[in-house]
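The values are calculated or read from the model by the stated rules, or taken from the named source; none is laboratory data. All values reported here derive from a predicted model rather than from experimental measurement. Every residue, glycine as well, gets a Cβ built from its backbone with ideal geometry; the counts of neighbours run over all protein chains shown. Ligands, DNA and RNA are excluded from the accessible area calculation, which covers all protein heavy atoms including side chains. Shrake-Rupley method; radii C 1.70, N 1.55, O 1.52, S 1.80 Å.
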Number of protein chains: 2
Amino acid sequence: MSGKAVSTTSNSTVGSTTKKQIGIVLFNQFETLDVFGPVEMWGGMPDYEMLMVSQQGGLVRSSQGIETQASYSFETAPQFDILMVPGGMGTRSEINNPAMLAFIQKQDKATQWTVSVCTGAALLAKAGILKQRRATSNKLAFDFAVAQDGDVLWQKQARWVFDGKYVTSSGVSAGTDMALALVEKLYNREQAESIAHWTEYVWNSDPTIDPFAR
Amino acid sequence: MSGKAVSTTSNSTVGSTTKKQIGIVLFNQFETLDVFGPVEMWGGMPDYEMLMVSQQGGLVRSSQGIETQASYSFETAPQFDILMVPGGMGTRSEINNPAMLAFIQKQDKATQWTVSVCTGAALLAKAGILKQRRATSNKLAFDFAVAQDGDVLWQKQARWVFDGKYVTSSGVSAGTDMALALVEKLYNREQAESIAHWTEYVWNSDPTIDPFAR
């Protein structure tokens, strides 16, 4: 377990002030499990809380048709300790959304970790924050991610990739495996395995095992 | 693929009228992945849509702190083709909620499938609709489920169980495997495998493989 958790945000209007904050960026047509696989696993970390943010705040609809409440807009969001950007069909338009890219750039300046699932990596790449970093993305939309920035060291076979404070994962379900790997970094192996056991999740804990690489 | 999809509901105010409807029951402190693992997988079925329902409708908070919008209340909900009841800490109080039990009983009279994840099975059992049926639940809270109705044929080792129109799964992540098994029943093996591939999900397709059974 980590020691005393001190919040780095003071202007939060939602959530606790004693926990570190993971900001999850929602947009129209985000992929459901990209968000909620990690939410389930990170929910097992006692010193962190998750807060949803979108450009305007309010209800945001996923590709699977469910609506999740974003407590913050880009304007009202505090500086998060961890920023997480999911993928989904919505990324196809969000790569052309200057407000989205600016929000990612601004948050990234002070995050401890900047994380993506699936084609969320395309947004990080388009924001220009992955240059010369090793990173991965959804294997069925890999060319889409690569096209956003050729200066990223794209990894074609990897369930997820750590490079400095950047953590990118392959498609959809890979985000759940990556989320537990981040728990291991933030705490230890036992904490990650305890969450996997509690959620009856068969964790692929080896990032080099990627059955979906072409 | 199934043939022409004809809606069995006429009083729907949300969603399409040409798709079959899966109603997912939300309550305070539902377990996030119990809901969104199946949502991700069922989202790959072209003839079905998912609609969220709660006692009052509106925003419902999961154990992991995220808020999901329920489009229907128990009063406004149409008859669903498939009813799905998740688990989570909230089930500990919901077993004593007559409105919840009555809603499950009423819906179950005309569902084609009645489904649960995790301790959602405790709610189905308490509603009395699993008598003499084989069923399973979360392995870490198995006694809690069993205590709701001793006339259920509880299965201690099973990732999920089909018995007639009733489908119950073990804890949290087991619901995602079960959801794909239901896709296989509603369509075919190829459709289930296609969704698993698209979501980069390593599907445990054998219900007898249950690494979390005591």
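Hey, any hits in segment B:37-52 for a residue that's closer than 24 Å to B:Leu140 by Cα and open to solvent by 10 Å² or more (accessible area, probe 1.4 Å)? No, there is no match, as no residue in segment B:37-52 is closer than 24 Å to B:Leu140 by Cα and open to solvent by 10 Å² or more (accessible area, probe 1.4 Å). Annotation note: Cβ proximity below 6 Å between a residue of segment B:167-191 that is at positive phi and a residue that is part of a loop (DSSP other than H, G, I, E, B) (sequence gap 6+ or interchain) occurs for B:Val172/A:Thr199; B:Val172/A:Glu200; B:Val172/B:Glu31; B:Val172/B:Cys118. Candidates B:Thr76, B:Thr17: the one that is polar (S, T, N, Q), modelled with pLDDT under 95 and open to solvent by 40 Å² or more (accessible area, probe 1.4 Å) is B:Thr17. With respect to A:Leu130, is the statement that it is in contact with a Leu (Cβ under 8 Å, 6 or more places away or on another chain), buried (at least 21 other Cβ atoms within 10 Å of the Cβ), among the hydrophobic types (A, V, I, L, M, F, W, C) and away from chain B (no Cβ under 14 Å) true? In short, yes. Per the listing B:Lys139, B:Lys165, B:Lys156, the residue uniquely surrounded by fewer than 23 Cβ atoms within 10 Å (Cβ to Cβ), within 24 Å of B:Gly23 (Cα to Cα) and among the basic types (Lys, Arg) is B:Lys165.
B:Lys185 meets the conditions (1) open to solvent by 70 Å² or more (accessible area, probe 1.4 Å); (2) farther than 28 Å from B:Lys109 by Cβ; (3) more than 12 Å from every other protein chain (Cβ to nearest Cβ) in every case but one. The failed one is (2). Being facing chain B (nearest Cβ under 7 Å) and open to solvent by 40 Å² or more (accessible area, probe 1.4 Å) is the filter; apply it to segment A:199-214 and report the residue that is farthest from B:Thr199 (Cα to Cα). Ranking the qualifying residues of segment A:199-214, first place goes to A:Val202. Across segment A:67-119, the qualifying residues are those that are assigned to a helix (DSSP H, G or I) and in contact with a helix residue (DSSP H, G or I) (Cβ under 7 Å, 6 or more places away or on another chain), and the one among them that is farthest from the other protein chains (Cβ to nearest Cβ) is A:Leu101.
Of the residues making up segment A:157-164, at least one is within 14 Å of chain B (Cβ to nearest Cβ), small (Gly, Ala, Ser) and out of contact with any helix residue (DSSP H, G or I) (no Cβ under 8 Å at 6 or more places or on another chain).
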